[in-house]
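Written out below as structure tokens is the structure these notes cover.
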Amino acid sequence: MILFFNFIILICFCFSSNKIVAVVGGDIILESDLEEQISFFIEKDSVPPKDLRENVLDYLIEQKVLVYFAKKDTTLVVDNSQIEAAVLERISLFKNQLGSVEALEKYFGLSFSDIKDLLYKEGENMFLSDQFRKKLSSQVSVSSEEVRLFYEEYKDSFPLTPLRFSYSCFDVPILPSKKTEKALLGVLDNVLQKILSGEAVFESFYSEFSGGDLGFFKRGDFIKEFEEAAFSLQEGGVVGPVKTSLGFHIIRLNKRVGEKISASHILFSLSSKEEDERFSLEYITKMRAACFSSPGLLDSLVLLKKTPLSGIFNLIPKELVPKEVLVEIASLSEGGVSEIKKSSFSSFFFIKLYKRQLPSSPSLYEHWGYIESFALEKKFISFYKDWYNANVNKVYIKKY
């Protein structure tokens with residue numbers, strides 16, 4: 001599941017003039033939520049239907065109703081690590097857009113901790129809603145006879161099967177070498193010694209490197225390795241290097257109030273150099289050449305790689321193939337191997353195309369799973385509609 005938090009929605013949450021348009025249980029729906037969903041719909045359909053506003057509001061209320069029942073379902077387990085990872089990714093995006101954590105706090109008029117709590121609540125609601133819908137869908141199944149009857153009734157209306165591909169992709173990330181890391185640590189140590197000796201003040205390095213004042217935060221608000229180092233310090237204490245997924249940090253504890261601390265940091269981002277890129281390119285070039293002399297080697301190599309693009313893929317619909325991979329597939333014949341390309345994930349990759357299955361009218365037995373999924377979806381829509389109508393009146397709902 002992918003958790004997505006819209007930047008505009010977050011902004012609107014932070015302005016008190018944003019009026020309430022509906023209350024569902026203990027939750028509210030704001031004007032900004034409604035306008036954002038309407039804008040999204042209009043972008044997809046240039047001719048909006050009548051009663052669009054009312055229909056979109058009903059949709060948002062429906063999502064809140066799902067969350068209401070999901071929170072009452074004790075069998076649902078929230079994956080905190082997944083939500084936390086998505087929240088940190090969103091915060092990182094917002095920070096990059098605005099320049100720093102301080103700018104983020106100033107823009108929204110909220111502390112870093114409050115922004116994170118807001119995002120976490122929204123993420124948790126989305127996660128619970130998704131899990132509850134999946135639980136409802138697990139109560140629905142279709143028999144073989146139902147699939148056959150569904151096919152006979154709708155066989156002339158089925159869309160063509162999607163264009164599918166079977167291929168292997170070998171992907172080699174461009175990673176900083178030990179030499180690159182050592183050079184960066186040398187720079188960090190020089191900065192640290194200047195701070196500890198009093199030759200330079202902590203804040204003077206903000207313009208040269210990333211970082212700044214993080215304000216107050218509690219355990220669980222930030223990256224684990226960073227927190228462990230920061231919470232171990234005395235007020236005024238400085239420590240470094242501390243390695244996290246962002247790079248290396250020098251951390252200073254400014255103040256401790258109860259269970260919260262205020263800290264500042266200087267971030268030394270660990271990025272690959274030109275020589276690191278050259279090393280990765282040389283390696284994948286050798287592997288590609290070896291795959292021509294040993295046909296089974298490619299799949300063996302792919303199984304050892306856990307990267308965004310690597311894998312052995314069997315009849316994957318065109319829509320699910322990464323765009324940069326799809327570009328290479330378009331020019332290949334079955335059995336062909338692409339040239340080496342650089343990906344948006346900071347890696348080099350090449351692919352081998354095994355099969356290209358063209359769109360066709362689905363037949364019952366050859367595309368049983370494809371047809372079964374449509375039959376199951378139709379049955380679930382009917383089941384869900386009945387469930388919702390039977391339960392919506394159990395929730396307090398008021399429109400304004």
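All of the numbers you see were taken from the coordinates with simple rules; none came from a lab. In this text, all values refer to a predicted model and were calculated from it rather than measured experimentally. Neighbour counts run over all protein chains shown; Cβ positions are idealised from the backbone, glycine included.
Mind ranking 72-80, 216-224, 177-185 by how tightly packed they are, going by the mean number of other C-beta atoms within 10 angstrom, highest first?
216-224, 177-185, 72-80
Mean-square fluctuations from a GNM of the chain, with a 10 angstrom spring cutoff on Cα atoms, peak among 245, 271, 197 at 197. Separation of segment 73-116 and segment 204-283, taken as the distance between their Cα centroids, equals 17 angstrom.
Given the -39500 (n - 2.57) contribution per DSSP H run of 4+ residues, what per-residue ellipticity at 222 nm results for the chain, rounded to the nearest 500 deg cm²/dmol? My calculation for the chain gives -16000 deg cm²/dmol from helical runs alone. Working from the Cα coordinates of segment 75-156, the gyration tensor eigenvalues give, after taking √(5λ), semi-axes of 44, 16, 9 Å in decreasing order. Overall, the chain carries a charge dipole of about 460 debye about its Cα centre when +1 sits on the Cβ of Lys and Arg and -1 on the Cβ of Asp and Glu, all other atoms neutral.
Other residues whose C-beta falls under 10 angstrom from the C-beta of residue 162 contribute a net charge of +1, scoring Lys and Arg +1 and Asp and Glu -1.
Top mean-square fluctuation among 162, 308, 295, Gaussian network model of the chain, C-alpha springs under 10 Å? Checking each option, the largest mean-square fluctuation is seen for 295. The base-10 log of I(q)/I(0) for segment 197-306, evaluated at q = 0.20 Å⁻¹, reads -1.01 [Debye formula, identical scatterers on Cα atoms, solvent excluded].
With the simple spin-label model, which puts each label point 7 Å out from Cα in the Cβ direction, the residue 107 to residue 197 separation comes to 3.9 nm. Remark: the chain projects, on average over all directions, an area of 26.3 nm² (convex hull of Cα atoms). Seen from residue 69, the other residues with C-beta closer than 12 Å to its C-beta sum to a net charge of +4, counting Lys and Arg as +1 and Asp and Glu as -1. The alpha-carbon of residue 341 sits under 13 angstrom from the alpha-carbons of these aspartates and glutamates, leaving out residues fewer than 8 places away in its chain: 171, 277, 282, 324, 328. A cut-off under 15 angstrom between Cβ atoms defines the neighbours of residue 301, and their net charge, with Lys, Arg +1 and Asp, Glu -1, is +3.
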